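Take a look at the structure set out below.
Quick note: the coordinates plus some simple rules give every number you see, no bench work behind them. As the structure is a computational prediction, the values presented were derived from the model and not from experiment. As a convention, Cβ positions derive from the backbone with ideal geometry for all residues, glycine included, and neighbour counts pool all protein chains shown.
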Amino acid sequence: MKNTDYQSAASPRGAAVAIKVDIVVIGAGQAGLSSAYHLRRLGLEPDKNFVTFDRSPRPGGAWQFRWPSLTLAAANHIHDLPGLKLADVIDVDASGEVQASTVVPRYYETYEKTFGLRIHRPVEVRVVCDRGERLRVETDAGLFSARGIINATGTWETPHIPDYPGRERFKGRQIHTKDYRTPEEFAGKHVIIVGAGISAIQLLDEISRVARTTWVTRREPEFRQGPFTQEAGRAAVAIVEERVRQGLPPTSVVSVTGIPVTPRIEEMRKRGVLVRHPMFSEITETGVRWADGREIEADVILWCTGFRSSLDHLAPLQLRGDNGGIIMTGRLATQVAKDPRIHLVGYGPSASTIGANRAGGAAARELAAFLGLLE
Ligand SMILES: Cc1cc2nc3c(=O)[nH]c(=O)nc-3n(C[C@H](O)[C@H](O)[C@H](O)COP(=O)(O)OP(=O)(O)OC[C@H]3O[C@@H](n4cnc5c(N)ncnc54)[C@H](O)[C@@H]3O)c2cc1C
């Protein structure tokens, strides 16, 4: 079946005939590509035994949308996908000063072609419903009927902004990390940056060079001295894994690891911009106010307050408990305990490039075995 055949087979839009497949992989970022690669290695054929949909216009997952100044050097670390090294595709010099939004999509595109993964894009999965023995997968390119799902839809499309009183009153501009492009648009302004994660600090660094900044965080940020060992990484992942096995909403792995003190952070300290203020209690028309009555005026509030898992299309399956979490099981906690036909990869403990790699392998094997697709 050709790469576009699913689209034409399903048209005209709205036709009620569902195309049957064993597995639908939803999303083709690091987690979806790893899953598709492992399904292939298990002997399953793309477009025959499984089909992969991605709603983005081009290869690259969320990396294609990252802000231009996010270079490979500035990123945490982008782990190689299984079977093909980034360095074999892209000539990255030691400085790493290349845009992640250019390089990673090029790498993923080569990856898809090298392994013949046949990603269908842009195809959005709108909703998945339980139809007894099968799952009904409604896309904007037609209807599919699957026996299992590997969901790899990431977090980029679900930015999180916490609710503070007065948010709607503020007459200045409010944006989320997701909307950030370059510091120049803030030149000469006063920007309040909210958040204690790596993105907040990177954007504080950039914006503070051209604008006045005030940095606020809910909790005291945890800086980590010294190199980040593999053991520390594993311990952090284990904490998040334990949470999702208990059905608690996942926290980000970085929130557990702390922020590594890089030369860039040392330099920010010297420049006097790494001054943290506690969280304000209220947003006013012109700025923010703290509980003790102190107020400041600002032109922009930049919310670097993270993302949530993009799972709205799975809502009819009612996977979430009352606390908003999903009880996960399986070797790497990718399998939904309530419905073993569904795996979530890039979720919770696997929400990193290395975690996504491993989760893709575990989900592919477990789901294929569960559905009796292995010889
Ligand atoms: C600013 C930022 C920087 C980061 N830096 C690092 C880093 O340096 N190292 C690291 O390991 N991790 C980093 N992460 C975490 C990173 O997001 C993951 O590591 C990884 O790239 C996510 O891969 P993914 O496949 O889970 O999701 P994504 O890359 O988000 O891919 C999900 C794909 O699913 C598609 N999709 C979504 N919904 C649907 C739908 N309904 N139907 C069809 N397709 C859909 C999307 O279009 C997208 O292409 C960073 C995250 C952020 C926000």
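Some notes on this structure:
- Ranked for footprinting exposure by Cβ neighbours inside 10 Å, fewest first, 108, 164 give 164, 108.
- Each peptide among 193-201, 304-312, 79-87 gets the average number of other Cβ atoms lying within 10 Å of its residues, and from highest to lowest they stand as 193-201, 304-312, 79-87.
- Computed over neighbours whose Cβ is under 14 Å from that of residue 112, the net charge equals +3, Lys and Arg +1, Asp and Glu -1.
- Anisotropy class of region 301-367 from Cα gyration tensor, a/c 1.5 cut: oblate
- In the chain, the longest principal axis of the Cα atoms and the axis of helix 30-41 are about 20 degrees apart.
- Partners for residue 20 among lysines (Cα-Cα distance below 18 Å; same-chain residues under 8 apart left out): 2, 48
- Under 16 Å from the residue 212 label point (7 Å along Cα→beta-carbon), backbone N, region 165-189: 172-173, 186-189
- Sorted on the mean count of surrounding Cβ atoms within 10 Å across their residues, most packed first, peptides 148-156, 49-57 read 148-156, 49-57.
- Value of relative contact order over the chain, rounded to a whole percent, pairs C-alpha under 8 Å and six or more apart: 23
- Per-peptide average of other Cβ atoms within 10 Å, ordering 125-134, 205-214, 339-348, 65-74 highest first: 339-348, 205-214, 65-74, 125-134
- Most simply put, the chain has about 40% antiparallel DSSP beta bridges, counting only bridges with both residues inside it.
- Gyration tensor (alpha-carbon) shape descriptor, region 210-258, a/c threshold 1.5: oblate
- Listed by chain and number, the aspartates and glutamates whose C-alpha is less than 19 Å from the C-alpha of residue 189, apart from same-chain residues fewer than 8 away, are 179, 205, 206, 285, 295, 297, 299.
- Mean residue ellipticity (222 nm) of the chain, computed from DSSP H runs ≥ 4 via -39,500 (n - 2.57), nearest 500: -7500 deg cm²/dmol
- Prolate/oblate/rounded call for region 241-299, Cα gyration tensor, a/c under 1.5 rounded: oblate
- Against the chain, whose longest principal axis comes from its Cα atoms, helix 100-114 is set at around 10 degrees.
- Partner aspartates and glutamates for residue 338 [C-alpha distance under 13 Å; skip if fewer than 8 residues away on the same chain]: 130
- Relative to the dominant Cα principal axis of the chain, helix 230-245 is inclined by about 70°.
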